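Asks: Below: one structure in structure tokens.
The values are calculated or read from the model by the stated rules, or taken from the named source; none is laboratory data. Just so it is clear, the structure is predicted and the values come from calculations on it, not from any experiment. Quick reminder, even Gly has a Cβ in these numbers, built from the backbone with ideal geometry, and neighbours come from all protein chains shown. Side chains are part of the model used for accessible areas, which takes the heavy atoms of the whole protein and leaves out ligands, DNA and RNA. Shrake-Rupley method; radii C 1.70, N 1.55, O 1.52, S 1.80 Å.
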Amino acid sequence: MKKYKSLAAQEARLAFWMLLPAVVIVASVILFPVIANFWISFKSIGLGDLRPPVAILRERVVQTPKKPGDELVVTYQIRNSSRDRDLSDVVVTVRIPKGASIADLDDMWTVEGKRTLKSTFDRWEGGLSRTFELRFITESEYFTRDVDPRAPTSAEIESASKNALLSSPFTLDNFRKVVQARHFSRSLIFSFVYPFLGALISILMGIMAALLLNRTFRGQSFLRGLFLFPYISPIIAATFVWVFFLDPFSGTVNALLLDTGVIDAPIPFLNAWTIDISLFGMKVPFPLARAMVIFFDAWRYFPFAFLFILSRLQAIPEDLYEAADVDGAGYFKKFRHITLPQISSVLGTIFLLRFIWTFNKFDDVFLLTGGSAGTKTLPVEVYDNAFGRGDIGAGAATAVLLFLMLSIFMALYFKLLKEVDDE
Amino acid sequence: MNDRAISGLGMTVALVLGVFYTILSVFVWFLAVSLLGKTNAFPPLLPMVVTGVLVGLSNGYCKVRIRGEKRQILFSVGAGLIIALIWLLLYGFKASLTVKDVFGALITFPIIKLLSRNAMKDIPLSRTTKGHVELMVVKILRAFGLFFFTLIVVFPFYFMLATSLKSRAEYLMDPANLSVNLLQHPSKLFGGYIEVLFRFGFVRFIMNSAIVAALTVVITLIPSILGAYAVTRLRFRGRDLLSRLILLIYMFPAIVLVIPLYSVFTQAGLRDTRLGLLIIYAAMTIPVALYMLRSYFLTLPADLEEAGLIDGLSRLGVIIRITIPLAMPAIAAIGLYVFMIAWNEFLFAYMFLDTPEIFTLARGMVMLDDQEVPRQLLMAGAVIITVPIMVLFIRFQKHLVGGLTAGGVKG
């Protein structure tokens, strides 16, 4: 019995070691950043703060000695590279050149060894710049030596600074800024509308495509591969193609529509907030750029739904349809009463997955419109805050809001997954 | 039981099918001509409907009077040619005909005839029922659907290819013209590619992308295989929880990781290095790979491995000698996926790389996206980044498609 137990322990230990590499990589590059993101969201940090401030020293010779007995006068300008963040433990080291001696010494300097002068400052304020001067009396030996004429004392500086990510105080300012920003509610609403409609249309298209290819005919597998192209092509290629394709000035779509006389003036598909469409004599504003972004999503991701639904369709037992044939049911009846119920469970899962992934998506909207014309979503907002405006803290706060909303959908997804598993 | 009797309903079905196939085919033809040459005004409706009705009528006649598959096909082609002449008469009445129009009609109409005859096969002209009408609707929807999906899937990629092979002047002169003059000198035809590859350094970017993607595959697969083996074959506390956690992590948004990784990597000097990118790509793909491998390992019988253990192999020996060879198809497919994900990745390449020497293709494309750079160069770049993925995908389609649904590529 004891041996058995130790075997189990051995197995657990083995499992631990085998899982370790994967867990370490994922924990350090995914889990840790998510936690760090929460941390940063409570800090007031800009893009520039990421580079730590340093003390900068400039040594300048203001008087060059001509003959022994002349004075060598050197000034040292010390400044903080950051305007607002303090430095600590600033240490300046100056070497007295050979053949020269110090004329008079301030008490800010301490002599170390024979030829080294040191000066230490516990704190150096942000933006502070000060200049010190040292005078040396030269002897004849000075002129025999090869001294760098620009920096005869080869002065050096060291400094320390606190990491902005760790030191600055906690604040809720970032969240206030993000939520109170103009148009925040607008991009919040579109952040939900976009994945909702995108997922919906892509699933509808997926159903249609799957029904089309759910038969054996020549070229079926070829078409199946073809239908997956939008999904597997690199996002940057796919978006550039559509951007050029829809361009108001040199785009093919506009040129075709103009040439065939469908429209009189080019349509800026991806830059137009709204476009008036006459419907029964009424002019209805249509949110064009937003619709195009949604259509792009549907175009790119319908293959995902298509594949899932097709494999589900192929798993439906044939005899169900045969029984329906005997009953004389038509195509649409068979679709409604057999096909649809059979695929409905997978439809829910696909919808949630697509919704979650599109909700998270940054690349598509960023590359298509850059978030202009009302197409801004939360991920693009994260980027704009953090890197467009250089406010890392506000960007992180936006990301936290996104993550919190996302966790609701994820909980829903897992609940659904569990129900499907239980069935 | 006279199958030569024709019901009104049956004839209506034949006419509707005839008109539909005619309009769809003429539309396809005009689209092709417009894109491959000069843009034409869309053909007027009347000639299409008239010829469509003729197609329907002749289909009805063919079905009732002509016996035998071969003779029916022959009849259809002949009737198609005659209808083509009628079309040319009606259409040429208003527009001036070109050689292209004549040839187009002579090819298109026999095809319309053959297609619509085929569609009429399951629909009798006598004793036509509501079910047959439904069948007609389904056929129309199918034909239209196939046309629609093929169009939206193929067209953007054709546009990409065609634009990449044009000169700037050609493109600006007539953006609607997507024809490519293949007869010009190759150095002119592929001028955009030569410029992108050699002047903008895409040769280097291809190498970089390939190196990063290949190394990502290696860095991802090793921990994933070990982890998937542990999760499926070893018993330990928290195993099920871990499996769920993997799936959960797989849904984490990349944009949430960007800010902290950017901050930390900047301070650690890992930003703007290939190593930094590699670490991120591996971490992003390990959950997917582990999850998919786990699903595959679950389908493998454990007997062989146990036999190996009894024969004195160590666990690692079992994995290397038994599990990996058995799971090779899945490992290869997942490796391909990881390669594709790393190759296609945009966000981190865009945020983290500043030095052109280490740019991946995706990052290089952003560099090209500049007012100064002509568009056909960008499209040439797009072709360069897309083609390897397409080739890989088509080559290994069979293995990849199963995996796509099993784990689903994140995207």
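Asks: Can you tell me which of (1) assigned to a helix (DSSP H, G or I); (2) surrounded by 14 or more Cβ atoms within 10 Å (Cβ to Cβ); (3) touching a helix residue (DSSP H, G or I) at 6+ places or on another chain (Cβ under 9 Å); (4) without any contact (Cβ under 8 Å) to a residue 60 or more places away in the chain is the one A:Val34 doesn't meet?
Replies: Going through the list (1) assigned to a helix (DSSP H, G or I); (2) surrounded by 14 or more Cβ atoms within 10 Å (Cβ to Cβ); (3) touching a helix residue (DSSP H, G or I) at 6+ places or on another chain (Cβ under 9 Å); (4) without any contact (Cβ under 8 Å) to a residue 60 or more places away in the chain, A:Val34 breaks only (4).
Asks: Please give the helices (runs of 4 or more DSSP H) falling wholly within region A:97-198 in which 1 or more residues are within 28 Å of A:Asn37 (Cα to Cα) and at pLDDT 85 or above.
Replies: In region A:97-198, the matching helices (runs of 4 or more DSSP H) lie at A:173-180.
Asks: Sticking with this one: In region A:377-386, what residues are of a type in the set (A, V, I, L, M, F, W, C) and modelled with pLDDT of 90 or more?
Replies: A:Leu378, A:Val380, A:Val382
Asks: Part of a loop (DSSP other than H, G, I, E, B), more than 31 Å from the chain's Cα centre (by Cα) and either assigned by TED's automatic domain parsing to the domain that holds B:Val33 or within 18 Å of B:Val33 (Cβ to Cβ) (or both): is that true of B:Leu97 in this structure?
Replies: Yes; evaluated as a whole, the condition is true for this residue.
Asks: With respect to the numbered conditions (1) farther than 26 Å from A:Leu223 by Cα; (2) touching a Leu at 6+ places or on another chain (Cβ under 7 Å); (3) modelled with pLDDT under 90; (4) in a helix (DSSP H, G or I), which one is the sole condition not fulfilled by A:Ala324?
Replies: So A:Ala324 meets the others, but not (2).
Asks: Tell me yes or no: at least one residue of region B:201-215 is aliphatic (A, V, I, L, M), open to solvent by less than 40 Å² (accessible area, probe 1.4 Å) and over 24 Å from the mean Cα position of the chain (by Cα).
Replies: yes
Asks: Separate question: Could you tell me whether B:Ala289 is open to solvent by less than 20 Å² (accessible area, probe 1.4 Å), facing chain A (nearest Cβ under 7 Å) and farther than 21 Å from A:Phe387 by Cβ?
Replies: Answer is no for this residue.
Asks: Sort out which residues of region A:236-256 are β-branched (Val, Ile, Thr), open to solvent by less than 10 Å² (accessible area, probe 1.4 Å) and in contact (Cβ under 8 Å) with a residue 12 or more places away in the chain, and write them in order of number.
Replies: Hits for region A:236-256 are A:Ile236, A:Thr239.
Asks: Also, quick follow-up: On the given criteria, is B:Ala307 of a type in the set (A, V, I, L, M, F, W, C) and within 12 Å of another protein chain (Cβ to nearest Cβ)?
Replies: For B:Ala307, the condition - of a type in the set (A, V, I, L, M, F, W, C) and within 12 Å of another protein chain (Cβ to nearest Cβ) - is not met.
Asks: Go over the candidates B:Phe205, B:Phe252 one by one and state the one that is in a loop (DSSP other than H, G, I, E, B), aromatic (Phe, Trp, Tyr) and either at pLDDT below 85 or over 14 Å from A:Val23 (Cβ atoms) (or both).
Replies: Checking each option against the conditions leaves just B:Phe252.
Asks: Let me ask something else. Could you give every pair whose Cβ atoms fall below 8 Å, whose first residue belongs to region B:237-248 and is facing another protein chain (nearest Cβ under 9 Å) and closer than 18 Å to A:Ile25 by Cα, and whose second residue is open to solvent by 40 Å² or more (accessible area, probe 1.4 Å) and part of a helix (DSSP H, G or I), counting only separations of at least 6 or pairs across chains?
Replies: B:Ile246/B:Tyr291; B:Ile246/B:Arg294; B:Leu247/B:Tyr291
Asks: Condition test on B:Ala230, is it open to solvent by less than 40 Å² (accessible area, probe 1.4 Å), facing another protein chain (nearest Cβ under 7 Å) and within 24 Å of A:Met410 (Cα to Cα)?
Replies: no
Asks: Let me ask something else. List the number of the failed condition for A:Ala373; all other conditions in (1) part of a helix (DSSP H, G or I); (2) aliphatic (A, V, I, L, M); (3) touching a residue at least 60 places away in the same chain (Cβ under 8 Å) hold.
Replies: A:Ala373 satisfies all of (1) part of a helix (DSSP H, G or I); (2) aliphatic (A, V, I, L, M); (3) touching a residue at least 60 places away in the same chain (Cβ under 8 Å) except (1).
Asks: Within region B:254-282, track down each residue that is buried (at least 16 other Cβ atoms within 10 Å of the Cβ), more than 7 Å from every other protein chain (Cβ to nearest Cβ) and not aliphatic (A, V, I, L, M).
Replies: If the condition is that a residue be buried (at least 16 other Cβ atoms within 10 Å of the Cβ), more than 7 Å from every other protein chain (Cβ to nearest Cβ) and not aliphatic (A, V, I, L, M), then B:Tyr262, B:Phe265, B:Arg271, B:Thr273, B:Arg274, B:Gly276, B:Tyr281 are the ones that fit.
Asks: Looking at region A:39-66, which of its residues are more than 28 Å from the chain's Cα centre (by Cα) and either outside any loop (DSSP other than H, G, I, E, B) or free of Cβ contacts under 8 Å to residues at least 60 places away in the same chain (or both)?
Replies: A:Ala55, A:Ile56, A:Leu57, A:Arg58, A:Glu59, A:Arg60, A:Val61, A:Val62, A:Gln63, A:Lys66
Asks: So, one more: Quick check on region A:75-93. Is at least one of its residues in contact with a helix residue (DSSP H, G or I) (Cβ under 8 Å, 6 or more places away or on another chain), assigned to a helix (DSSP H, G or I) and open to solvent by less than 60 Å² (accessible area, probe 1.4 Å)?
Replies: No: region A:75-93 contains no residue that is in contact with a helix residue (DSSP H, G or I) (Cβ under 8 Å, 6 or more places away or on another chain), assigned to a helix (DSSP H, G or I) and open to solvent by less than 60 Å² (accessible area, probe 1.4 Å).
Asks: Still on this model: When region B:90-144 is examined, which residues are found to be in contact with an Asp or Glu (Cβ under 9 Å, 6 or more places away or on another chain), among the aliphatic types (A, V, I, L, M) and at pLDDT 80 or above?
Replies: Result: B:Leu135, single match.
Asks: Determine which single condition B:Ile222 fails, assuming it passes every other condition in (1) of a type in the set (A, V, I, L, M); (2) more than 22 Å from A:Asn37 (Cβ to Cβ); (3) open to solvent by less than 40 Å² (accessible area, probe 1.4 Å).
Replies: Here B:Ile222 meets the rest and fails (3).
Asks: Moving to a separate point now. Filter region A:97-118 for residues that are of a type in the set (A, V, I, L, M) and surrounded by fewer than 19 Cβ atoms within 10 Å (Cβ to Cβ) and give the result.
Replies: A:Ile102, A:Ala103, A:Leu105, A:Met108, A:Val111 - these are the residues of region A:97-118 that are of a type in the set (A, V, I, L, M) and surrounded by fewer than 19 Cβ atoms within 10 Å (Cβ to Cβ).
Asks: Residue by residue through region A:211-222, note down the ones that are surrounded by fewer than 18 Cβ atoms within 10 Å (Cβ to Cβ) and part of a helix (DSSP H, G or I).
Replies: Matches in region A:211-222: A:Gln220, A:Ser221, A:Phe222.
Asks: Are any residues in region B:140-192 open to solvent by 30 Å² or more (accessible area, probe 1.4 Å), assigned to a loop (DSSP other than H, G, I, E, B) and at the interface with chain A (Cβ under 9 Å from one of its Cβ atoms), and if so, which ones?
Replies: B:Asp174, B:Asn177
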